[in-house]
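**Student:** Here it is: the structure, laid out below.
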Amino acid sequence: MTPAATVMQRCDVLSACTEEPGKITRPFASGAMRRAHQYVREWMSEAGMTVTRDNIGNLRGRYQGAGKGTLLLGSHLDSVRDAGKYDGPLGVMVAITAVQRLRDADKRLPFAIEVLAFADEEGLRFGSTYLGSRAFSGAFDAAELTRTDSDGISMAEAIRRFGGDPARIAGDRWVGGPLLGYLEVHIEQGPVLEQLGLPVGVVSAIAGQDRYDLTFTGEAGHAGTVPMRLRRDALVAASAFVQRVHDYATSHEGLVATVGRMTVEPGAANVIPGKVTLSLDVRHADDAERKRARATLLDGANAIAEKRSERAAVACSPRLTSQLAQAIEGEKVQLVSGAGHDGVYVSELTEIAMLFVRCKGGISHNPAESVTDADVAVALDVLGRFLELL
Ligand SMILES: [Zn+2]
């Protein structure tokens, strides 16, 4: 079997590790994750790695090198509900296979490689993302431990049942000496590579993100009796805002902005909308551009805005990124990741880089997620050359 075929087959095997038969749903610290770990442990060992699991539930495989430094490779093993096979697992499988190739060639690099299979990136079970990489980076907040899942089980209890000690998560932080960087291979989750006809692309940055809730207040009234010119229709104001968000982002390069949720009150066919609440999500690779967009959009809205979250953009390492580009044969393209990744937190420890792999139709977080053997083979070759260059 070719290395790429091995990666594909292993993604198939992991897809059967699920909490919902017929679907791929693999939450943090679940039975499905436990079964996935059994496989991944075995594959890591086969590739010559020493395998450990930390308290939050990250699986770590270490392939010793001749020198002191360590290069981190990885991605996450958890999934959203009814997920595809590749968002997360692909990066872990490609990393393990790259190490397997070194082992098969009986090769030691001047640095060690540590493959990280993160425990939770999507946050399906506890609504709290990046648990794995936050613990690894020393950014885990113990207050999270009291969160409960839909069955009322606390995060602390879930961690204990999975074999970890919640009191010792601070000890999951990387203490293994100097780091050379972190590289994650991930499906693109967008259509750009497919449109360009390219198998892989280098990520230049992970976009920063703002999330707001906006409330538009008007006056509810009878749909039949209040004359049009006397109305204060909250939905009409909200609709104008939605259009403005779309137009503004369309006319600003690199900006994406979305209203994805809206609630209309009272919400009856014969009542003029009195109140509308909606969500606003704004992302850009440049924080200054994002803040400018946010200010303009919120100023122009006749609404009360409440901030939900803000995350700064994370630039990928120019050094690692240029080596990654060098490792690509043929046309090289740089992309911004609109989606967040574990690298956001790992960047607090070391420089990060990401390689995107083309996915069919740009579809992710969906069972229709699809990548080809040939593209995975390219990603493996790029990773192999990148290790040589490093
Ligand atoms: Zn992912």
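**Student:** Restricting everything to alpha-carbon atoms, can you work out Rg to Rh for the range 171-281 with a Kirkwood hydrodynamic radius?
**Tutor:** Working: Rg = 22.4 Å, Rh = 18.3 Å.
Result for the range 171-281 is an Rg/Rh of 1.22.
**Student:** D for the chain, whole µm²/s, Stokes-Einstein with Kirkwood Rh over alpha-carbon pairs at 37 °C and 0.692 mPa s: what number?
**Tutor:** 147
**Student:** To the nearest µm²/s, what D does Stokes-Einstein give for the range 1-135 at 25 °C and 0.890 mPa s, using the Kirkwood radius over alpha carbon pairs as Rh?
**Tutor:** Rounded, D is 165 µm²/s.
**Student:** Each label point is 7 Å from the Cα along the Cα-to-Cβ direction; what then is the distance between the points at Val175 and Glu42, in nm?
**Tutor:** Computed distance between label sites Val175 and Glu42 equals 3.3 nm.
**Student:** Something else about it: Run the accessible area of the range 1-87 with a 1.4 Å probe and give the carbon-and-sulfur part as a rounded percent. Write down the numbers at each step before the final one.
**Tutor:** Values: 1590 of 3280 Å².
Accessible surface attributable to carbon and sulfur in the range 1-87 totals 49 percent.
**Student:** Calculate one ³J(HN,Hα) per residue across the range 141-155 by plugging θ = phi - 60° into the Karplus curve 6.51 cos²θ - 1.76 cosθ + 1.60, and present them in order as whole Hz with x for glycine and proline.
**Tutor:** Rounded to whole hertz, the list is 9, 4, 4, 5, 4, 8, 4, 10, 8, 5, 9, x, 7, 6, 4.
**Student:** Could you do me a favour and compute the accessible area per residue for the range 88-198, 1.4 Å probe, result in Å²? Write out the running numbers ahead of the final one.
**Tutor:** Details: 4320 Å² over 111 residues.
With the other protein chains kept in place, the range 88-198 gives 39 Å² per residue.
**Student:** Can I ask one more? Considering only Gly340, Ala139, Asn58, whose Cα is most displaced toward the positive end of the charge dipole of the chain, charges sitting on Cβ of Lys, Arg (+1) and Asp, Glu (-1)?
**Tutor:** Ala139
**Student:** Could you work out what % of the accessible surface of the range 220-335 is carbon and sulfur, using a 1.4 angstrom probe and leaving DNA, RNA and ligands out of the count?
**Tutor:** Here it works out to 53 percent.
**Student:** Next question. Search the structure for amide H atoms under 5 Å from the amide H of Gly181, placed 1.01 Å from N in the peptide plane, and list their residues when 5 or more places away or on another chain.
**Tutor:** Long-range HN contacts for Gly181: Leu72.
**Student:** Order these peptides, 75-84, 39-48, by their mean beta-carbon neighbour count within 10 angstrom, highest first.
**Tutor:** 75-84, 39-48
**Student:** Determine the dipole magnitude for the range 50-200: charges of +1 sit on the beta-carbon of Lys and Arg, -1 on that of Asp and Glu, nothing else is charged, the reference point is the Cα centre, and the result goes in debye to the nearest 20.
**Tutor:** The calculation lands at about 700 debye.
**Student:** How much FRET efficiency would the formula 1/(1 + (r/R0)^6) give for Ala374 and Ala268, where r is the Cβ-Cβ distance and R0 is 56 Å, rounded to 0.05? List each step's numbers first, then the result.
**Tutor:** Numbers: r = 55 Å, r/R0 = 0.97.
The computed FRET efficiency comes out at 0.55.
**Student:** Give the accessible surface of the range 250-390 per residue, rounded to a whole number of Å², with probe radius 1.4 Å and ligands, DNA and RNA excluded.
**Tutor:** 48
**Student:** What size of dipole, in debye to the nearest 20, comes out for the chain about its Cα centre when the only charges are +1 on Lys and Arg C-beta atoms and -1 on Asp and Glu C-beta atoms?
**Tutor:** Values: 43 positive and 49 negative charges, 81 e Å.
For this selection, approximately 400 debye.
**Student:** Next question, about the same structure. What residue among Val13, Val256, Val99 shows peak mean-square fluctuation when the chain is described by a Gaussian network model with Cα springs under 10 Å?
**Tutor:** Val13
**Student:** Additional query: So what J values fall out for the range 165-175 if you push phi through Karplus, 6.51 cos²θ - 1.76 cosθ + 1.60 with θ = phi - 60°, rounded to Hz, Gly and Pro as x?
**Tutor:** So the J values, rounded to whole Hz, are 10, x, 6, 10, 5, 4, x, 6, 4, 4, 10.
**Student:** Separate question: Under 12 Å from the Cβ of Glu114, count the other residues' Cβ atoms, weight Lys and Arg +1, Asp and Glu -1, and hand me the total.
**Tutor:** Surrounding charge for Glu114 is +1.
**Student:** Using only DSSP helix segments of four residues or longer, with each worth -39500 (n - 2.57), what per-residue ellipticity at 222 nm results for the chain after dividing by its residue count and rounding to 500?
**Tutor:** Helix contribution divided over all residues of the chain: -10000 deg cm²/dmol.
**Student:** Name the long-range amide H neighbours of Gly65: under 5 Å, sequence gap of 5 or more, or other chain; modelled H, no Pro or chain starts.
**Tutor:** Answer set, sorted by chain and number: Ala112, Ile113.
**Student:** Let me ask something additional. Under the Karplus relation 6.51 cos²θ - 1.76 cosθ + 1.60, θ = phi - 60°, what is the ordered set of whole-Hz ³J(HN,Hα) values for the range 179-192, x standing for Gly and Pro?
**Tutor:** The phi angles translate into 10, 8, x, 10, 10, 10, 9, 8, 5, 5, 6, x, x, 5 Hz.
**Student:** What trypsin sites (Lys or Arg not before Pro) does the range 314-382 have in DSSP loop regions with at most 16 other beta carbons within 10 Å?
**Tutor:** Here the sparse-neighbourhood loop sites are Lys332.
The values are calculated or read from the model by the stated rules, or taken from the named source; none is laboratory data. Remember, it's a predicted structure, so these values are computed and weren't measured experimentally. Every residue, glycine as well, gets a Cβ built from its backbone with ideal geometry; the counts of neighbours run over all protein chains shown. Accessible surface areas use protein heavy atoms only, side chains included; no ligands, DNA or RNA. Shrake-Rupley method; radii C 1.70, N 1.55, O 1.52, S 1.80 Å.
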